[in-house]
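Visitor: Provided herewith is a single structure, encoded as structure tokens, for subsequent inquiry.
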Amino acid sequence: MEWFLQQLINGLALGSIYALIALGYTMVYGVLRFINFAHSDVLMLGAFSAYYVAPAIEKVLPLPSVLGALVIILISTLICAGIGMLIEFLAYRPLRNRPKLTVLITAIGVSLFIEFTCQHKSVFGADTKPFPQLLPATDFHVLGLIISSNDLLVVFITAILLTALWFIVQRTKMGTAMRAVSFNQQAAALMGVNINKIISFTFGLGSALAAIAGILYALKAPGIEPLMGVQPGLRAFVAAVLGGIGNLPGAALGGLLLGLLETFAGGISGLSNYRDGIAFAILILILLFKPAGLLGKATIEKV
Amino acid sequence: MRDLLFHGACSAIILTLTACGGGNSGSTILVGEFASLTGKEATFGISSHEGTQLAIEELNAAGGVLGKKFELKTEDDQSKAGEPANVVNKLISKDGVVAILGEVASSRSLEAAPIAQQNKIPMISPASTNPKVTETGDYIFRVCFIDPFQGTVMANFATKTLKAKKVAVFTDVKSDYSKGLAKFFKEGFTKAGGTIAGELDFNGGDKDFKAQLTAIKSAAPDAVFVPGYYTDVALICIQAKQLGLNVPLFGGDGWESETLLNIGKDAVEGHYFSTHYAADAASPKVTAFVAAYKKRYNGKVPDAMAALGYDSAMFLADGIKRAGSTDGDKIREALAATTDFDAVTGKMRINEHRDAVKSAVILQVKGGAFKYLETVSP
């Protein structure tokens, strides 16, 4: 029982990270109908921004501290939002009216470009760097279970960001415009929506989410390298599809489910080798019965 | 990109020599080296390369062998599968090297070995401990001990020094090195009367190990054997500590890197690993090497990979000297006939499988540094 509960906690903590990354994937998809594969690399850039910003902040604010961490997260988030908008401006905007497949291939190209540029030793270098401890971390012992403060923080932040995103999309003017663009770009433009601004904003927001996820991920596993985003990025993409791509609560649900599946499969002695196999087999089963994802709506494609 | 990295990594002297495009007909002996100068196991490659480079410089300062000086041509394989085959092919067919030195990681040595064997070019691995490496063929040698020995050493260490009865094994299924070491440890430990409390796996590069570590904890072992590489091991130690798994963790020579200490910090404190030599051991050969290395590389203390890199080059030079020729067959014969070679990492001989027979040392992480604990002879 204790084993089960501890694995439940581990799985929720891992799943929350996936959920947080999946939110960014799903939001961009919701508006633009394409998968931004560079999302996982913006996540990595978020962690590296924090890595390089931290020593400067440490001179003013002592680390680890809550305030210091907040400032570092804020700065990294802004940097990544800028990078996200820049990627959109340089790589995706010129392809706005091209087939979706073109943009998709470009996204993969952007992703590889960032990964391999950052591996060059005059950028970050390919070796693993120790991530600084930004927050005071403790482990809570409850009834023989161990919950680390970092894991609690991840769950907490994911919940807040999910709510905030939902609020932005559903209740603000910007969100209404985002939804309008998502329905029909041309009609939205005719109604006076500035398409470029909305899409820029979407990318900025998505990249800011990625930066936060990157920093939280780095706090959990404090060794960062330019390819650190690839694995969680892939999982989060699957989570977004599982939840119903384009659906915010769906992404969170998909992330949690994937995290739990992986953790329980990985915790079996002798079977841990197959943890991804088991997790993904279950996902395929789910998608066989609900092809649009858990919370996604099946839409009829007009031909 | 590779050229850029290569330029950065090699000294100006070597660069100038290479630019002249030596070959072997001239006044130099061209030796090829491939190492992971960048990428996941970069510190291994950089260490072994620096050791090799120091050896070549010392040899040349002493006049070289057979009246010729050595010229080292280094290629970076970026710690990536697929690259070793490319760079070793290039070293042999384009540059025409007389011998190959490399690699640290067994998976990458295994990739290059068939190419060296096919071309009848002797290859000396400084630190690949998986037995399969030299099984590739009779041109493949190594100057380190092999995993069956290292596994047995750690099994004895677990039973005798740690007094462990139940040990869990946590293996990196992506690495030949890790799987081999885990296998030989399990054999040795069960033979010595111990029980394996649990066998869990991870994939090198994973960041979350809590699922497996929770399972290990519930099996209540006396110690955990983690035959992984330092980046993964550091994260494993951190998460084990978070989960309250307060038993000794121990592993093999894949642990030895400053990065383990930088990332793992107090979480790696008190844990143990076996390796090839200890920089704080009191032997004149080691002291002289450590001093020369520190002088050459701005006070950096050489780790085992640096010592083995140095030994691999010295061993090759010794072989060429005894062969009296730079012909691949003759060098091979001379190397295979080595009975007593005095290396920095201890006296060694080459056995019928072309593996070095020598002793191992066990180090412990103490006060944020690696401290010598004991020596185990074969």
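Visitor: I'd like the mean, over residues of B:261-267, of how many other protein chain beta carbons sit within 10 Å of each residue's own Cβ.
Guide: If you average over the peptide's residues, the count of other-chain Cβ atoms is 3.
Visitor: Placing +1 at every Lys and Arg Cβ and -1 at every Asp and Glu Cβ, with all other atoms neutral, what dipole size does the range B:147-275 have around its Cα centre, in debye to the nearest 20?
Guide: 520
Visitor: Further question on the same structure: Treating the angle as unsigned and between 0 and 90°, give the value, to the nearest 10°, between the Cα long axis of helix B:304-323 and the longest Cα principal axis of chain B.
Guide: Orientation of helix B:304-323: about 40 degrees from the principal axis.
Visitor: With every protein chain left in place and a probe of 1.4 Å, what is the accessible surface of A:Leu205, to the nearest 10 Å²?
Guide: 40
Visitor: Under 13 Å from the Cβ of B:Gly32, count the other residues' Cβ atoms, weight Lys and Arg +1, Asp and Glu -1, and hand me the total.
Guide: Surrounding charge for B:Gly32 is -4.
Visitor: Explain nothing, just the number: relative contact order of chain A, from Cα pairs under 8 Å at least 6 residues apart, as a whole percent.
Guide: That works out to 35 percent.
Visitor: Quick check: Cα centre of the range B:163-240 to Cα centre of the range A:29-77, how many Å?
Guide: Centre-to-centre distance over Cα atoms comes out at 33 Å.
Visitor: Report P(r) for chain B: all Cα-Cα distances, bin width 10 Å, range 0 to the bin holding the largest distance, values in whole percent.
Guide: 5, 26, 34, 23, 10, 2, 0
Visitor: When each pair of different Cα atoms in the range B:230-311 is counted once in the 1/r mean, what is the Kirkwood radius in angstroms, to one decimal?
Guide: The answer is 13.9 Å.
Visitor: For A:274-283, what's the mean count of beta carbons from other chains sitting within 10 Å of each residue's beta carbon?
Guide: 1
Visitor: With both bridge residues required to lie in the range B:147-275, what share of the DSSP beta bridges run antiparallel, to the nearest 5%?
Guide: Counting DSSP beta bridges with both partners in the range B:147-275, the antiparallel share is about 0 percent.
Visitor: Give, rounded to the nearest 20 debye, the magnitude of the charge dipole that chain B has about its Cα centre when Lys and Arg contribute +1 at Cβ and Asp and Glu contribute -1 at Cβ.
Guide: 560
Visitor: Mind putting together the pair-distance distribution for the range B:147-275? All Cα pairs, 10 Å bins, whole percent per bin, short to long.
Guide: Values per bin, smallest distances first: 14, 51, 33, 2.
Visitor: If you take the accessible area of A alone plus B alone and subtract the pair, what total do you get in square angstrom, rounded to 100, with a 1.4 Å probe?
Guide: 2900
Visitor: May I ask which residue of B:Leu162, B:Ala267, B:Gly204 lies farthest towards the positive end of the charge dipole of the range B:147-275, with charges of +1 (Lys, Arg) and -1 (Asp, Glu) on Cβ and the Cα centre as origin?
Guide: Working it through, the farthest residue towards the positive pole turns out to be B:Leu162.
Visitor: I need to check one value: relative contact order of the range B:162-303, counting alpha carbon pairs closer than 8 Å and at least 6 residues apart, in percent.
Guide: So the answer I get is 20 percent.
Visitor: Take the protein assembly as shown, compute every pairwise Cα distance, and split them into 20 Å bins from 0; I just need the percent in each bin.
Guide: Over the protein assembly as shown, the share of Cα pairs per 20 Å bin runs 18, 46, 30, 7, 0 percent.
Visitor: If you line up the long axis of helix B:176-191 against the longest principal axis of chain B, both from Cα atoms, how many degrees apart are they, to the nearest 10?
Guide: With rounding to tens, the tilt is 50 degrees.
Visitor: Treating the beta-carbon of each Lys and Arg as +1 and of each Asp and Glu as -1, no other charges, what is the dipole magnitude of the protein assembly as shown about its Cα centre, to the nearest 20 debye?
Guide: With Lys and Arg at +1 and Asp and Glu at -1, about 1540 debye.
Visitor: Averaging sequence separations of C-alpha pairs under 8 Å and six or more residues apart, then dividing by the length of the range B:110-161, give the relative contact order as a whole percent.
Guide: Relative contact order here is 33 percent.
Visitor: For the protein assembly as shown, build the charge dipole from Cβ charges (+1 Lys, Arg; -1 Asp, Glu) around the Cα centre, then report which of B:Gln150, A:Cys80, B:Ala99 sits farthest towards its positive end.
Guide: A:Cys80
Visitor: Counting partner chain Cβ atoms within 10 Å of every residue's Cβ in A:116-127, what's the average?
Guide: Partner-chain Cβ atoms within 10 Å, mean over residues of A:116-127: 4.
Visitor: Okay, moving on. Between rounded, prolate and oblate, where does chain A land on the alpha carbon gyration tensor, with a ≥ b ≥ c its root eigenvalues, rounded for a/c under 1.5, else prolate if a/b exceeds b/c?
Guide: It is oblate, given that a/c is not under 1.5 and a/b is not larger than b/c.
Visitor: With θ set to phi - 60°, apply the Karplus curve 6.51 cos²θ - 1.76 cosθ + 1.60 along the range B:263-280 and write out the HN-Hα couplings as whole Hz, x wherever there is a Gly or Pro.
Guide: Those phi angles translate into 7, x, 6, 6, 6, 8, 4, x, 7, 10, 8, 9, 8, 8, 7, 10, 5, 9 Hz.
Visitor: Quick check on the range B:291-378: take the gyration tensor over C-alpha atoms, sort the square-rooted eigenvalues as a ≥ b ≥ c, and tell me if it's rounded (a/c under 1.5), prolate or oblate.
Guide: Note, shape of the range B:291-378 comes out oblate.
Visitor: Follow-up question, since we're still on this one. Along the charge dipole of the protein assembly as shown, pointing to its positive end and built from +1/-1 on Cβ of Lys, Arg, Asp and Glu, which listed residue (A:Met178, B:Tyr277, B:Val357) has its Cα farthest out?
Guide: Value: A:Met178.
The values are calculated or read from the model by the stated rules, or taken from the named source; none is laboratory data. Because the structure is a prediction, the values reported are computed rather than measured. All Cβ positions, even for glycine, are placed from backbone atoms using ideal geometry, and neighbour counts span all protein chains on display. Just so you know, the surface numbers come from the protein's heavy atoms only, side chains and all, with ligands and any DNA or RNA stripped out. Shrake-Rupley method; radii C 1.70, N 1.55, O 1.52, S 1.80 Å.
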